[in-house]
1. So for the chain, averaging the separation of alpha carbon pairs under 8 Å that are six or more residues apart and normalising by length, what relative contact order in percent results?
2. Count the DSSP beta bridges whose two residues both fall in the chain, then state the antiparallel fraction as a percent rounded to the nearest 5.
3. As I understand it, the value is the acute angle between the Cα axis of helix 89-102 and the longest principal axis of the Cα atoms of the chain; what does it come to in degrees, rounded to 10?
4. Give the relative contact order (percent, whole number) for segment 131-183; include only Cα pairs under 8 Å separated by 6+ residues.
5. In nm, give the distance between the simple-model label positions of Ala97 and Thr52, each being 7 Å from the Cα along the Cα-to-Cβ direction.
6. Report the calculated FRET efficiency for Glu281 and Glu164 (r = Cβ-Cβ distance, R0 = 25 Å), to the nearest 0.05.
7. With the other protein chains left in place, how much accessible area per residue, in square angstrom, belongs to the chain at a 1.4 angstrom probe?
8. Helix 228-240 sits at what angle to the longest principal axis of the chain, using alpha carbons and giving 0 to 90 degrees rounded to 10?
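The values are calculated or read from the model by the stated rules, or taken from the named source; none is laboratory data. Bear in mind the structure is a predicted one, so any value in this text is a computation, not a measurement. Here the Cβ positions follow ideal geometry from the backbone for every residue, glycine too, while neighbour counts run over all protein chains shown. SASA here: full protein model, heavy atoms, side chains in, ligands and nucleic acids out. Shrake-Rupley method; radii C 1.70, N 1.55, O 1.52, S 1.80 Å.
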Amino acid sequence: MSSNPLPDPLSDALLGPAEIRELAAALNVRPTKQRGQNFVIDANTVRRIVRTADVGPDDVVVEVGPGLGSLTLALLEVADRVTAVEIDDTLAGALPATVAARMPARADRFALVHSDAMQVTELPGPAPTALVANLPYNVAVPVLLHMLEHFPSIERTLVMVQAEVADRLAAAPGSKVYGVPSVKANWYAEVKRAGSIGRTVFWPAPNVDSGLVALTRRTEPPKTTADRREVFAVVDAAFAQRRKTLRAALAGWAGSAAAAEAALVAAGVSPQARGESLTVEEFARIAEAAPARETTPEPPKEPGK
């Protein structure tokens, strides 16, 4: 009796360098810097991403920027369903056919949304449980935050981004690279670095290194009476002038430096601190202590109107 394992019907479904270039040539596609396109051409890399994302047979995965389908096919190997969001007309038109040709048994579990991810607020089928994507470098942070905001069912996220962006997203308070992306991502999730990706697995090879970032959704956001927009307004103001003390940096937000100091003291934060030292919970406390804004009362209505 042979000891060789039975052949895996999906083993040849993934795209390698030759298949990627053949597809691109047939579609007359060249990756563009404008859209931050770098196609993954290594099957081992996309399978590693899927393993690191801990995608399983019960997951409904949303993928942003699938390109020619390298990661899409690897996700379809293991997930229950995959919905890909693609803005490029040519790539969006070709991807369903690629899935049907290379993985026909799973094609009915794939859906395509031809749209700008920043405009997507609903998806077909069951609510997504995971976001896994090789995000275009030039829009990675806004797309990530948009998806986390609009799809609260996403429990786990694994994104591949520029290494510098990965460091910023996963940075802790006090780090030199801690900033707006760090705080806003932490509002939604626990964030950590999950590995590095070499340049040679992409076509074309980028001029920068890439990193994986894993996010696990918080069971609830930081407890605060302020809403997310109010907290994020404080974060934006604090880092707009990150070299200044919070008393000075938040003067515009509060209406004056004195009002900013009063809000900081009320929140239990030193007015001499800087934004890079604060946790998301401390930013939330500052938002709670925002000074009341003067409003112009509406004129009384005339009788009979």
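1. About 13 percent, as a whole number.
2. 50
3. 50
4. The normalised contact order for segment 131-183 reaches 35 percent.
5. It is 3.3 nm.
6. Efficiency at R0 = 25 Å is approximately 0.45.
7. Normalised by residue count, the accessible surface of the chain is 50 Å².
8. Tilt of helix 228-240: around 80 degrees.
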